[in-house]
Each structure stands twice: as C-alpha cells, then as structure tokens.
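Participant: Before we start, here is the structure in question, set down as structure tokens.
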Amino acid sequence: MAKNKSISEIICDYIKKQKLSPIPVQTLNEEAASTRYFGGDLKEFIAAAKTLGAKGIFVEELYLEDDEFYYDSGMDDEEYMALYGNDDCCCDGQCKCEGKKGKKAKDDDDSDVDGVWFEPEDLDGLDLTLLKPQMAKYLDRIGECCGARLTVPGVDRLEVEIFADWYDKFAELVDEASEIIEEDPNGALEAIEAMFKAEEEADKSVKKIAAHPPKGGKKTAKSKSKKK
C-alpha cells in the first residue's frame, strides 16, 4: 500500500514540475536574515520566484508541536513586569510600600480567587482543549508534518508558509479558543470551572447507578422460552 505523501512532499513535487529545485533547509536563527513575507498562495509564490530569477527554493518542513495546544499571549516575563510590576517600589526587593503594589502583587495577596480580575497574559500556558474540546483529536498528530516554509534565497529573502488543510482547521480552533480568553479571561475560567463541575456531577450519577443496580434477576434464555 502506497504511503500518503506529506504536505511538504506534495509541495516539493509541485516545485519540481515548475522547473525549480526544492532545497531542504532548517532555520537556526530567524533574526539573522532579512525576510519579506509573501501574501499569496503556492502558485503565486512560484510565479514570484521565477520573476526574481530564482533557480531553486529552500523548503523547510514544519511540524505540529505540543505547545500549540496551550495559550500564548505573546508577552514575555520582562514585558509583563514592565506592564504590571511594581515600578514605584524603592525597597530593594523587600517591599514595604503601602498602596504601591502592582497588579501581580495584589493578585497574590487576594485569597478570594473570585475577587481577582485576570488579564489574558495571566492565563499563559492554559490548556486550550478545555475551551475547545474538538482540539483534542489533533493530539495524535503532534510531531506530524503540517506544512512547509518556502524561501527564495537572496539578501532579502522572500518567504511563505503553506499548511495542510487539517492544520488550517486546527489553527482556527486555536484562534477561537484564544479569542475567548482575550475577550473575557474571567469568563473563560468560569466556563472551565463549570465544565469540571458538570463532569463531576455526571461521574457521581454514574457511580450512584452502579451502586444500585435494578432489582430482579437477569432473564435467561430458558426463562424466555414458551411453556409447552
């Protein structure tokens, strides 16, 4: 039985048909080169490559990674502290300032979780499958080739990323789950909490049924037979 070709192999075959050479590469430092991102599809990208006089195209395989299943606000720790940290503190790390605590410090001091107002950045690392359970069906595809990054070599690189149809559907779910968090972080947590409570109640109901089976013995084939 013939093995199904990955999206990268399909793209390489198309490039060859266009009389260009696909050249496998791997990006080591994305900041080291100037890149211009192409806004069209594969066919339009090949046409642009020919116009630029390219004789070959770099092809880098892209894979579905496990961290894509978790929310990422795009804000790093330094940016978070700059935005929410205590910039007015003058106590060399042992804060004694009254009324000057940053948002993060207030959250840490508040024992009533329901009274805390969260920002999207506070939910970095949240499992998105909790908001979009449909994403779970893609867990088995982690490590699978989901697309390819094509680059026309040059001082100013021309680049485009082409993805498999199944990955586009996965990416839509990621965007939808991320939007839920960004529009209402507290609402997202409440929805997850409600889901867990519903699952707990359902589990209790199943256990209750199992503990109290219906009365009466199981009918046998003999008991069902007609009397002579």
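Participant: Assuming a ≥ b ≥ c are the square roots of the Cα gyration tensor eigenvalues, decide whether segment 165-204 counts as rounded (a/c under 1.5), prolate (otherwise, with a/b larger than b/c) or oblate.
Facilitator: Oblate.
Participant: Holding the Cα-Cα limit at 25 Å, pick out from 43/137; 5/169; 137/197 the pairs that are longer than that.
Facilitator: 43/137
Participant: Continuing with this model, one more query. If you count only protein heavy atoms with a 1.4 Å probe, what accessible area per residue comes out for segment 135-185, rounded to a whole Å²? Don't jump to the answer; show the numbers that get you there.
Facilitator: Values: 2600 Å² over 51 residues.
For segment 135-185, the per-residue accessible area is 51 Å².
Participant: Hey, another quick one. Can you give me the C-alpha center-to-center distance between segment 180-203 and segment 122-160, rounded to a whole angstrom?
Facilitator: A separation of 25 Å, based on Cα centres.
Participant: Near residue 7, within a Cβ-to-Cβ distance under 14 Å, what is the net charge of the other residues, with Lys and Arg +1 and Asp and Glu -1?
Facilitator: Numbers: positive: 3, 5, 141, 149, 169; negative: 9, 13, 41, 60, 61, 144, 161, 165, 168.
It works out to a net charge of -4.
The values are calculated or read from the model by the stated rules, or taken from the named source; none is laboratory data. Since the model is a prediction, treat every value here as computed from it, not as a measurement. Every residue, glycine among them, receives a Cβ derived from its backbone with ideal geometry; neighbour counts consider all protein chains shown. These accessible areas exclude ligands, DNA and RNA; they are computed on the full protein's heavy atoms, side chains included. Shrake-Rupley method; radii C 1.70, N 1.55, O 1.52, S 1.80 Å.
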